[in-house]
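See below for the structure under consideration.
The values are calculated or read from the model by the stated rules, or taken from the named source; none is laboratory data. Please read these numbers as outputs of a predicted model, since none were measured by experiment. FYI the Cβ positions are ideal-geometry reconstructions off the backbone, even for glycines, and counts take in every protein chain you see. Ligands, DNA and RNA are excluded from the accessible area calculation, which covers all protein heavy atoms including side chains. Shrake-Rupley method; radii C 1.70, N 1.55, O 1.52, S 1.80 Å.
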Amino acid sequence: MRTVSIINLKGGVGKTVTSINMAFELMRRGRRALLIDCDKQGNASRFFGCDCRNKNSLSDVLTGEADIREAVYQTNYSNTDGSAPTLEVLPADMSLINAAKQIEEDQIRPGTVRLRHTLEAVSHEYDYCIIDCAPDVNIPIVNALVASDDVIIPVVIDRFTFYGIEEVMEKISEVRKWQNDRLNFLGCLITSYRNTDLHNEGVEVLQEKYGKVFHTKIKWTQLVSKSTFAGIPLSEFSPRCGAAKCYKEFAEEYERGLANG
């Protein structure tokens, strides 16, 4: 199983939309995908209709009160060949706040490797695990980075583009040095892209500064917001829209990059 964290400390850059559609497109490519909501706001969870009030969640898994298999939610989506659903969600809600406090106060069980150990137990059941990270650096997010193979940073080109990226890069280096030497920064993914001089100049600056920017850029369209209200992944909601095609191309680029090393 390959695990990737989608993170940026700046809000409004498309982390959740990217996590949802990346997981969905990988599933459509015949992969078994697990989407973990690691944000107390629980937007990815609500997108798929997960109600944590009536079931276990990431909080219960991290605190040891539930096995991950008791907390995953099966979606209604399946592979294009009609096989059983292979996109599942581990939901989250505001209980992550108390879970983080409980983990920090625990003097017995290590606090930052819990998610990694949990995922190791089910690694044979999935091809990919996508983690939708909150715009924060707390115990759950550190758990996500320690458990991950890859990190992708969604970026919107505006005057605040670089806010948050430096902090994420520092945290990646820290986690790689002390807790997860396999952690790999794959690059920035441009979202809400428009083919303008401003956006293209911003892409060039990102490439010069960080060296890694995905070739695929997610085009801006109002249909992205509409799909979130509908709770339907983009390529199901509007298959012909530019952003839907871009997320499909992004999933292909991601896998192609892994294949090429």
Seminar exercise, completed: Scanning segment 89-111 residue by residue, those within 25 Å of residue 16 (Cβ to Cβ), out of contact with any Ser or Thr (no Cβ under 8 Å at 6 or more places or on another chain), in contact (Cβ under 8 Å) with a residue 40 or more places away in the chain and open to solvent by 30 Å² or more (accessible area, probe 1.4 Å) turn out to be 94, 97
Exercise. List the pairs whose first member sits in segment 18-45 and is more than 19 Å from residue 144 (Cβ to Cβ), whose second member is among the basic types (Lys, Arg), and whose Cβ atoms are under 8 Å apart, counting only residues at least 6 apart or on separate chains?
Worked result: 25/248; 28/248
For this session: Could you list all residues from segment 131-166 that are open to solvent by 10 Å² or more (accessible area, probe 1.4 Å), assigned to a helix (DSSP H, G or I) and closer than 23 Å to residue 23 by Cα?
Result: 142
Problem set entry | Every residue from segment 1-48 that is touching a strand residue (DSSP E or B) at 6+ places or on another chain (Cβ under 8 Å), of a type in the set (Gly, Ala, Ser) and either part of a helix (DSSP H, G or I) or surrounded by fewer than 19 Cβ atoms within 10 Å (Cβ to Cβ) (or both) | 12, 19, 23, 44, 45
For this session: Filter segment 205-232 down to residues that are in contact with a strand residue (DSSP E or B) (Cβ under 9 Å, 6 or more places away or on another chain) and either modelled with pLDDT of 95 or more or open to solvent by 50 Å² or more (accessible area, probe 1.4 Å) (or both), then give me how many there are.
Result: 9
Exercise. Yes or no: residue 185 open to solvent by 60 Å² or more (accessible area, probe 1.4 Å), hydrophobic (A, V, I, L, M, F, W, C) and modelled with pLDDT of 90 or more?
Worked result: no
Problem set entry | residue 196 being over 30 Å from residue 66 (Cα atoms) and without any contact (Cβ under 8 Å) to a residue 60 or more places away in the chain | yes
